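The values are calculated or read from the model by the stated rules, or taken from the named source; none is laboratory data. The model shown is predicted, which means the values in this text are computed figures rather than measured ones. Here Cβ is always computed from backbone atoms with ideal geometry, including for glycine, and neighbour counts include all displayed protein chains.
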Amino acid sequence: MKPTTNGTTSSPTRVELRPLLKDALASGNLKVLASFLGPAYRGFVKQEGKLRDASQMNAKNPAVFDWTYRRDHPELARLYEAAKVSQWNASTDLDWSTEVDPDDGSRALLPDDYLVVSVLPLWPTLSRQERSQQRLATVAWLLSQFLHGEQGALFAAAQVTQSVPWMDGKLYGSSQVVDEGRHVEVFHRYLAGKLERTYQINDNLFVVIDALMGDPRWDMKFLGMQIMVEGLALGAFGVIRQVTREPLLRQMLTYVISDEARHVHYGVLALQEYLGQLSERERREREDGPSRSRSSCATASSATSCTTSTTPP
């Protein structure tokens, strides 16, 4: 790995596409497969997430205006009320004066057991400093992928807010946009200010985000981002919060988890009603789309999966 001009780190990427293509073809849903070809080309081949400081994705979704302003979804309304009283300020509610020292064993970012490299024969021969550097790289890479995923969630939440047909959904969605912006803020501040290291987006995560941004159906963005990506992130946040001994990281994840739980619940409430109105063919597409996203995450080696790996590239 080597530093890039924008302060991030990068590494050569080798991608094996055959498992993704085999799994996609086995489903028989070529429409879903076709929707991933463009994002896969841009992410795996053109490396647009790594070779540029910014990526332009063509977002396709309608803006639905509700001129009646009818409030007829009480569960979404209650979730919106909960969101309003649960807001927190990343600048003042977190103790940013906390010193984060990756070499301090009493405040280890992650235990050795959670580092994939710890099972390698070389691990016992490493010095304490070398192990600390591996731990720092692992946590920085993981949090970097969370950061990139949160930016994707920010844009997806904004798109869903303008497309969801119910006013209660739009009002709650507006609170999620604020939440996701705050998550981008805290992950970047922790990486840049405390760990002083940021990694570029994983190619597989880039492909998932690219595909979701270009899908015009708001419910597919829900399935991909609210249920799959946010659901995986929620589980990963919980594990890291439980095992880390670094107090600022634990405090930050506690706040983020409280937001993410609402986001996943929002997705479940909205989709329960909407999916029941779809045809069998449409439901099949909704099942296969997130499946392709999971396949994309599993395409690379376990060291470069979207959110579940604990080893940087």
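Taking the range 44-75 only, how many residues are outside any loop (DSSP other than H, G, I, E, B), within 23 Å of the chain's Cα centre (by Cα) and either loosely packed, with under 15 Cβ neighbours inside 10 Å or at pLDDT 90 or above (or both)?
Total satisfying the criteria: 5.
Mind listing whichever residues of the range 188-217 are out of contact with any Gly (no Cβ under 9 Å at 6 or more places or on another chain) and in a helix (DSSP H, G or I)?
Of everything in the range 188-217, those that are out of contact with any Gly (no Cβ under 9 Å at 6 or more places or on another chain) and in a helix (DSSP H, G or I) turn out to be His188, Arg189, Tyr190, Leu191, Gly193, Lys194, Leu195.
Here's a check for you: in the range 116-149, which residue that is free of Cβ contacts under 8 Å to residues at least 60 places away in the same chain and under 21 Å from Val208 (Cβ atoms) is surrounded by the most Cβ atoms within 10 Å (Cβ to Cβ)?
Checked the range 116-149; the qualifying residue surrounded by the most Cβ atoms within 10 Å (Cβ to Cβ) is Leu143.
State yes or no: is Gly169 surrounded by fewer than 22 Cβ atoms within 10 Å (Cβ to Cβ), touching a Leu at 6+ places or on another chain (Cβ under 6 Å) and not basic (Lys, Arg)?
When the stated conditions are applied, Gly169 does not pass them.
Just checking, which of Leu234, Leu278, Leu253 is part of a loop (DSSP other than H, G, I, E, B), hydrophobic (A, V, I, L, M, F, W, C) and free of Cβ contacts under 8 Å to residues at least 40 places away in the same chain?
Leu278
Report, by residue number, each residue of the range 81-92 that is in a loop (DSSP other than H, G, I, E, B) and either among the hydrophobic types (A, V, I, L, M, F, W, C) or within 23 Å of the chain's Cα centre (by Cα) (or both).
Ser86, Gln87, Trp88, Asn89, Ala90, Ser91
Is there any pair with a first residue in the range 40-53 that is within 17 Å of Gly152 (Cα to Cα) and a second that is of a type in the set (Lys, Arg) whose Cβ atoms are under 6 Å apart and which are 6 or more apart or on different chains, and what are they?
Close Cβ pairs (under 6 Å, with a partner that is of a type in the set (Lys, Arg)) amount to Glu48/Arg42.
Residues to consider are Asp210, Asp179; find the one that is within 20 Å of Glu75 (Cβ to Cβ), charged (D, E, K, R) and either crowded, with 22+ Cβ neighbours inside 10 Å or touching a Leu at 6+ places or on another chain (Cβ under 6 Å) (or both).
Within the list Asp210, Asp179, the selection yields Asp179.
Under 7 Å by Cβ, and 6 or more places apart or on different chains, what pairs join a residue from the range 185-199 that is within 19 Å of Gln134 (Cα to Cα) with one that is buried (at least 20 other Cβ atoms within 10 Å of the Cβ) and charged (D, E, K, R)?
Once the first residue is within 19 Å of Gln134 (Cα to Cα) and sits in the range 185-199, its partners that are buried (at least 20 other Cβ atoms within 10 Å of the Cβ) and charged (D, E, K, R) give Leu191/Arg197.
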